[in-house]
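In what follows, a single structure is set out as structure tokens and then discussed.
The values are calculated or read from the model by the stated rules, or taken from the named source; none is laboratory data. Just so it is clear, the model here is predicted, and its values are computed rather than measured. Positions of Cβ are generated from backbone atoms using ideal geometry, with glycine treated the same way; all protein chains shown enter the neighbour counts.
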Amino acid sequence: MTTRRYLVTGGAGFIGSHIVETLTRAGEAVVVLDDFSTGKRENLEEVRRATAPHGSQPQVIEGDIRDPRTVRRAMAGVTHVLHQAALGSVPRSVADPSESHEVNATGTLNLLVAARDEGVRRFVYASSSSVYGDSEVLPKVESMATAPLSPYAVNKLAAELYCGVFHRLYGLETVSLRYFNIFGPRQDPNSQYAAVVPKFITAALQGKAPIIYGDGLQSRDFTYIDNAVQANLKACEAPAEAVGRAYNIACGSRATLLDVIEVLGDLCGSDLEPHHEETRPGDVKHSMAGIDLAQRHLGYEPGTGLREGLRRTIDWFRA
């Protein structure tokens, strides 16, 4: 019998559901907390179908991380927290900074308090590369000064700081993971705030012109979902000296949006001509991670590159 019990917040979401699937396949006890505002029940159904031969299924609690009582109920008996729940998107936070703060900062604080009180062994927090802002220095490394450009980036950084304080004050073992442009199957292409990769892929498969905000020369460290899942599991196993700090989770390389469209066109067997619109406020121009710290302290190694990740994601969307 397992001696662990994992709470995956946002477990019905894109990244969270992949973590839930991996843990369930391994026979771990998993609790999902999700309010289904952006997470999808279909994602959990896909997890159930994929993991049915492996026995037990995750317990699902429908609720909001802004509600301390719901959070305490979900935290009961939990040994490890993988906190993925968030109100994502820079543009969404620009449109409604208050809600973005309440979910991403206050919600995380609620979870940290409950984890401290429950005696949780390890708390892994999904942060964001947006905390670095638009510094021209590349690669982004964890020792750099943070310079958030949007309410989303501010509240993700605030939650990171809370994680560090809870480690230093209360001894809660926290690890923050700064995700760089995670993409893959189950990522929603239909939201107005959707990430570029699922939007580009659905446009390509429908024979439409992908929309680029700006000139398309902005670059990102696109990171396939399996790499993010690996990082979360590695963070649960990392030695005690690795806790209380933040780590970049990426591939340590970058591609422009035009590069992505070129690869997608090649994989889809079509010439894709993007449609350009005005640059959006709060977006950074270039982003690439230095991943040495995560490799050294967590044992993290990105196993899937951009082209292979795009191929797998296209296959999923086609299916």
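Table for the structure above
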{"read-out": "Exclusive hit being among the acidic types (Asp, Glu), at pLDDT 95 or above, surrounded by fewer than 22 Cβ atoms within 10 Å (Cβ to Cβ) and more than 30 Å from residue 23 (Cα to Cα), set 283, 259", "value": "259"}
{"read-out": "Pair list, Cβ < 7 Å and 6+ apart or interchain, from segment 202-229 residues that are more than 30 Å from residue 124 (Cα to Cα) to residues that are aromatic (Phe, Trp, Tyr) and surrounded by fewer than 21 Cβ atoms within 10 Å (Cβ to Cβ)", "value": "202/317; 205/317"}
{"read-out": "Filter result for residue 165 (under 30 Å from residue 3 (Cα atoms) and free of Cβ contacts under 8 Å to residues at least 12 places away in the same chain)", "value": "yes"}
{"read-out": "Top-ranked residue of segment 209-232 - restricted to ones that are of a type in the set (A, V, I, L, M) and surrounded by fewer than 19 Cβ atoms within 10 Å (Cβ to Cβ), ranked as nearest to residue 15 (Cα to Cα)", "value": "211"}
{"read-out": "Out of 314, 291, sole residue that is under 20 Å from the mean Cα position of the chain (by Cα), more than 26 Å from residue 143 (Cα to Cα), surrounded by 14 or more Cβ atoms within 10 Å (Cβ to Cβ) and β-branched (Val, Ile, Thr)", "value": "314"}
{"read-out": "Residue tally, condition assigned to a helix (DSSP H, G or I) and either on the phi > 0 side of the Ramachandran plot or in contact (Cβ under 8 Å) with a residue 60 or more places away in the chain (or both), over segment 132-153", "value": "3"}
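Conditions tested, residue by residue: (1) surrounded by 22 or more Cβ atoms within 10 Å (Cβ to Cβ); (2) over 25 Å from residue 89 (Cα atoms); (3) more than 20 Å from the chain's Cα centre (by Cα).
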{"position": "20", "(1), (2), (3)": "yes, no, no"}
{"position": "26", "(1), (2), (3)": "no, yes, yes"}
{"position": "32", "(1), (2), (3)": "yes, no, no"}
{"position": "38", "(1), (2), (3)": "no, no, no"}
{"position": "48", "(1), (2), (3)": "no, yes, yes"}
{"position": "52", "(1), (2), (3)": "no, yes, yes"}
{"position": "65", "(1), (2), (3)": "yes, no, no"}
{"position": "75", "(1), (2), (3)": "yes, yes, yes"}
